[in-house]
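Here is the structure we will look at.
The values are calculated or read from the model by the stated rules, or taken from the named source; none is laboratory data. Computed from a prediction, not measured in an experiment: that's the story for all the values here. Cβ: placed from backbone, ideal geometry, glycine included. Neighbour counts: every protein chain shown.
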Amino acid sequence: MISQQDPVRIFVSHLWAADDDYLRVFEFLESSPQFYYKNFSKPDVRPSGGKEAEREELRKQIAPVEAVILLASHFRRGPDAVEFQAHYAKAAEKPIVLLVSFGGTGVLSPKLQGLADETIDWSERALIDALRRHARHEETARWDTIEFKLD
């Protein structure tokens, strides 16, 4: 059970900057009143020392998490960095939730789709449910109620 005392530990892919899509993930997570999480991604902590230093920092950020959220929009701008994050997550046996580009624009990389445990559209409910399923193995069956007006 997810609680304030036991939040889901997540990592959100980044390219060493908190761009619009990165920030939007947290807007979606914050809009759910009974979902608690701890963010381990630190886009503002870019180490000096080149590519290997960056990779080591990413390993440190991903290692303690329960789930990784990959943003497909990052793949177009930094395919090597996003592939590294995805491959490390898989090697560390972390489930990957792939968020398609916001607004459904852009083609999804088959490489990322192959690594993802689940691919979802931008929806607060879909994101929360995917994290519950993959990070905590919780059943997320919910029912929608549709009201019809009979004239």
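Things to note:
- On the stretch given as region 112-122, residues that are in a helix (DSSP H, G or I) and either over 22 Å from residue 40 (Cα atoms) or modelled with pLDDT of 95 or more (or both) total 2.
- Checking each residue in region 18-29 for being in a helix (DSSP H, G or I) and more than 21 Å from residue 6 (Cβ to Cβ) picks out 20, 21, 22, 23, 24, 27.
- Selection of region 40-84 for residues being surrounded by fewer than 16 Cβ atoms within 10 Å (Cβ to Cβ) and touching a strand residue (DSSP E or B) at 6+ places or on another chain (Cβ under 7 Å) yields only 64.
- Residue selected from region 88-111 under the condition within 25 Å of residue 32 (Cβ to Cβ) and assigned to a helix (DSSP H, G or I), by the criterion modelled with the highest pLDDT: 89
- Cβ pairs under 6 Å, 6+ apart, first in region 14-35 and under 16 Å from residue 130 (Cβ atoms) and among the hydrophobic types (A, V, I, L, M, F, W, C), second part of a helix (DSSP H, G or I) and at pLDDT 90 or above: 28/124; 28/127; 35/128
- Matching residues in region 13-55 - criterion: being of a type in the set (Asp, Glu) and in contact with a Phe, Trp or Tyr (Cβ under 7 Å, 6 or more places away or on another chain): 21
- Inside region 123-151, residues that are surrounded by fewer than 10 Cβ atoms within 10 Å (Cβ to Cβ) and either modelled with pLDDT of 75 or more or within 17 Å of residue 69 (Cβ to Cβ) (or both) make up a count of 4.
- Looking across region 30-55, the residues that are outside any loop (DSSP other than H, G, I, E, B), closer than 23 Å to residue 90 by Cα and within 16 Å of the chain's Cα centre (by Cα) come down to 37, 38, 39.
- Across region 56-74, the qualifying residues are those that are modelled with pLDDT of 95 or more and assigned to a helix (DSSP H, G or I), and the one among them that is nearest to residue 136 (Cα to Cα) is 62.
- Residue in region 75-87 that is at pLDDT below 80, part of a loop (DSSP other than H, G, I, E, B) and over 21 Å from residue 9 (Cβ atoms) present: no
- Identity of the residue in region 1-29, within 25 Å of residue 87 (Cα to Cα) and in contact with a helix residue (DSSP H, G or I) (Cβ under 6 Å, 6 or more places away or on another chain), that ends up modelled with the lowest pLDDT: 21
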